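Worksheet: the structure to be examined is printed underneath.
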């Protein structure tokens, strides 16, 4: 009998793992159950069974065709947690890429090469220039419309990829690791974070993105929907909200962030400016035509039994 070229599938009696492959026999019915490297443990622990899927001509053309069919078999399942194949043609599974990337990254860090050989300031500058170039060229994320970005996010959530593939505990561990290594947001001082947040806020206001792209009515509807579905803040009891606020306050005090990052003079100045801003506003009572600042108008309307929502800002 002539030796064969064929594609096959390995399954295991005890577990749902599987593996696709191809074989060019040296002699007919050569005993062969795959040649795994990364996941060899599965063959050692469990009982493999082989199913021959397709036989090809024993020629160079037949072998090339067999390899193409093998790639087509593996490709849809490469990142399936039960698929033991770690590569398909020139592509590797996400798991292998993560492990390899981590090893390469540690090597660069150890040797001070690649991105690890560049100062933080230079990395920021390169990132800024790259972002500007991408935006100007309308490439990357800037080539997508707001609706397309939203659809991608929804699809990622449905398919549980990216951050949506992580459990709450995994996200928490990543956050703790980021904090421990002082990277990302934790690489900045409290003052830097405050300035950065302010810049982002002003940019969003200017470009009318995020919450600033919504009308007052849209925000109201989102709030009502959130309350109706009991999610976010509305998923908590009054006691839980109070306790969370208390803990957040203690944490801010401990870290010297938020209001606790300000001096007495700064807090006093902020209070004065806020009061000046509010008191400079003029509102009119829609029932009587009385005009005053917000606080005084509230007292006026309450004293006369007028609904305090019946007002309009006039400056």
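Values as computed for the structure displayed
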| quantity | calculated |
| --- | --- |
| Given (1) at pLDDT 80 or above; (2) surrounded by 10 or more Cβ atoms within 10 Å (Cβ to Cβ); (3) within 30 Å of residue 78 (Cα to Cα), number of the condition residue 147 does not satisfy | (2) |
| Hits in the stretch 225-260 (condition: in contact with a helix residue (DSSP H, G or I) (Cβ under 9 Å, 6 or more places away or on another chain), over 24 Å from residue 192 (Cα atoms) and in a helix (DSSP H, G or I)) | 226, 227, 228, 229, 232, 233, 234, 235, 241 |
| Lone qualifier among 179, 199, 208 - being loosely packed, with under 11 Cβ neighbours inside 10 Å and under 26 Å from residue 259 (Cβ atoms) | 199 |
| Selection status of residue 158, outside any loop (DSSP other than H, G, I, E, B), exposed (fewer than 10 other Cβ atoms within 10 Å of the Cβ) and over 16 Å from the mean Cα position of the chain (by Cα) | no |
| Filter pass, residue 3 being touching a residue at least 60 places away in the same chain (Cβ under 8 Å), out of contact with any helix residue (DSSP H, G or I) (no Cβ under 9 Å at 6 or more places or on another chain) and assigned to a loop (DSSP other than H, G, I, E, B) | no |
| Hits in the stretch 39-56 - residues which are in contact with a helix residue (DSSP H, G or I) (Cβ under 7 Å, 6 or more places away or on another chain) and surrounded by fewer than 15 Cβ atoms within 10 Å (Cβ to Cβ) | 54 |
| Residues satisfying the stated conditions in the stretch 207-245, i.e. within 20 Å of residue 150 (Cβ to Cβ) and over 24 Å from the mean Cα position of the chain (by Cα) | 215, 217, 218, 221 |
| Criterion (exposed (fewer than 12 other Cβ atoms within 10 Å of the Cβ) and under 19 Å from residue 191 (Cα atoms)) met by exactly one of 256, 249 | 256 |
| Matching residues in the stretch 79-120 - criterion: being modelled with pLDDT of 75 or more and within 30 Å of residue 13 (Cβ to Cβ) | 79, 80, 81, 82, 83, 84, 85, 86, 87, 88 |
| Failed condition for residue 3, given (1) under 30 Å from residue 159 (Cβ atoms); (2) out of contact with any strand residue (DSSP E or B) (no Cβ under 6 Å at 6 or more places or on another chain); (3) surrounded by 12 or more Cβ atoms within 10 Å (Cβ to Cβ); (4) at pLDDT 90 or above | (1) |
| Qualifying residue in the stretch 23-38 (condition: within 24 Å of residue 76 (Cβ to Cβ), within 35 Å of the chain's Cα centre (by Cα) and modelled with pLDDT of 90 or more) | no |
| Qualifying positions in the stretch 78-91 - over 16 Å from residue 36 (Cα atoms) and touching a strand residue (DSSP E or B) at 6+ places or on another chain (Cβ under 9 Å) | 80 |
| Criterion: under 30 Å from residue 160 (Cα atoms) and part of a helix (DSSP H, G or I) - qualifying residue of 16, 76 | 76 |
| Residues (touching a helix residue (DSSP H, G or I) at 6+ places or on another chain (Cβ under 7 Å) and at pLDDT 80 or above) located in the stretch 121-141 | 134, 135 |
| Test for residue 191: is it closer than 30 Å to residue 120 by Cβ, touching a helix residue (DSSP H, G or I) at 6+ places or on another chain (Cβ under 8 Å) and loosely packed, with under 10 Cβ neighbours inside 10 Å | yes |
| Qualifying residue in the stretch 57-66 (condition: part of a helix (DSSP H, G or I), surrounded by fewer than 12 Cβ atoms within 10 Å (Cβ to Cβ) and not assigned by TED's automatic domain parsing to the domain that holds residue 34) | no |
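The values are calculated or read from the model by the stated rules, or taken from the named source; none is laboratory data. Since the structure is predicted, the reported quantities are computational estimates derived from the model, not experimental observations. With ideal geometry, Cβ positions are generated from the backbone for all residues, glycine too; neighbour counts draw on all protein chains shown.
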